[in-house]
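Each remark here refers to the structure printed beneath this line.
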Amino acid sequence: METPIINNKYAVIEKIGAGSFGAIYKGQNVRTKEYVAIKVEPISNDLKLLLNESKIYQHLNGCDGIPNVKWFGKDDMNYYMVVNLLGPSLQDLAQQFSPFSLGLILKIGIKIILLLKTIHEKGLVHRDVKPDNFLFGLNKMNEIYLIDFGFCRSYLDSSNNNAHIKMKNTHSMIGSKTYASIMSHKRVELSRRDDLESLGYMLLYFYSGCLPWSREKSEDAIVGLKHDIIHSSQYPAVLLQYMKQVRAMEFEETPNYYWFINRFKEELEK
């Protein structure tokens, strides 16, 4: 069977993942031999998620920890987005080695807070912060990249001098049930604080290897357990303090990223 070639440039090697948009393939630039990731979305889905995601990547072009879009285009059947190939995800690592040491968790936390600060300063909230969406660099375990901007949106209102959007109700929960903020469960518009709350659940997951609500089906039960987690004695004080501070934030508040980073650094120095 002949290897498919996209844009006369990228050979499709094998499928490596899937999402709400379609599939992800490992590919190779036939000219430079560089390995790439190719995201494919059928045009018939009529979602245009890849088109929107490619625009976000272009907006974030040059930012540390954000993959580079090498090409976006379509044929009669599909949209295609080609980005640099990355390594395993934090979820892959957690499934293999969890629970993590507190030191490793704090180092990961610092890197991700800086990543979220980067996209927030570009006027965006990710809205789907979870371990699957953070990937290591290819053969570079000291680099972490943020991917999958399908749910991402601006928190600035372009029709109102780029003022912060107003808090309002939404029709559905955004993000994954395991890591979504409490406000997402309550169907409230998400802002920067919600990305940081989702990160908090990630860090607690890395510490314990499992979250109390991970097998719960009832959304009310999940919300109740998320509320109560800050009173749990099984987690380190530094992580619970982080959760309390994030939950105390206002909808439009600019996070004090370096306050969180400094708390984590102080704990590391102990």
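Just so you know, all these numbers are worked out from the coordinates, no wet-lab data involved. These numbers were taken from a predicted model, which means no experiment stands behind them. So basically every Cβ, Gly included, is an ideal-geometry build from the backbone, and we count neighbours across all protein chains shown.
From the coordinates of this entry, volume of the Cα convex hull per residue in Å³ is computed, and it appears in (i) 155; (ii) 110; (iii) 131 under the label (i).
In terms of surrounding Cβ atoms within a 10 Å radius of their Cβ, Arg192, Arg215 rank from fewest to most as Arg215, Arg192.
Give the separation of the Cα centroids, region 11-54 to region 101-154, in Å. Centre-to-centre (Cα) distance: 21 Å. Here the residues Ser184, Ser232, ranked from fewest to most Cβ neighbours within 10 Å of their Cβ, fall in the order Ser232, Ser184. Need one number: the % of Cα-Cα pairs in region 1-139 sitting beyond the 22 Å mark. When every Cα pair of region 1-139 is considered, 44 percent fall beyond 22 Å.
Shown for Trp259, Trp71, Trp213: other C-beta atoms within 10 Å of each C-beta, ranked fewest to most, produce the order Trp259, Trp71, Trp213. Backbone geometry of region 147-160 corresponds, through the Karplus equation with coefficients 6.51, -1.76 and 1.60 at θ = phi - 60°, to 3J(HN,Hα) couplings of 10, 6, 9, x, 9, 5, 7, 7, 9, 10, 9, 5, 7, 10 Hz, x marking Gly and Pro.
DSSP assigns beta bridges within region 5-84; of those with both partners inside it, close to 100 percent run antiparallel. Across region 131-138, coupling constants 3J(HN,Hα) worked out from phi with the 6.51/-1.76/1.60 Karplus curve, θ = phi - 60°, read x, 5, 9, 10, 10, 6, x, 5 Hz, and Gly and Pro carry x. Less than 5 angstrom separates the built amide H of Glu143 from those of Gly137, all sequence-distant by 5 or more or on a different chain.
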